[in-house]
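Since every read-out is calculated from the coordinates, none of them should be taken as a lab result. Because the structure is a prediction, the values reported are computed rather than measured.
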Amino acid sequence: MYYLYVLKNKKGSYYIGTTNNIERRIQEHNNGKSKATKNRGPWNIVYTEKFRTRSQAMKREYYIKSQKSKKFIKNLVEKNIS
């Protein structure tokens, strides 16, 4: 399985990514092993989606990022919580 995930830090910033091991990946983000999130954590997972293939997960990631909207991501996360 592959996962699309959305992380959020205390300042309200979001990070979107894909992985096949979500526990390992969150540790990497919080331990500074990812350039994009280094020194901006701690990060918490606020949203996930499962996919059978890496390609499907990456297509979803690119779609969400193409929206270029924090509001779009926030709405996605809030719909998941409700």
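Counting 0.36 nm for each residue step from PHE72 to THR53 and taking away their Cα separation leaves a gain of 4.4 nm. Listed by chain and number, the lysines whose alpha-carbon sits under 25 Å from that of LYS11, ignoring those within fewer than 8 places in the same chain, are LYS33, LYS35, LYS38, LYS65, LYS68, LYS70, LYS71, LYS74, LYS79. For the stretch 2-81, the calculated P(r) over all alpha carbon pairs, in 10 Å bins from 0 to the bin holding the longest distance, is 19, 52, 28, 0 percent.
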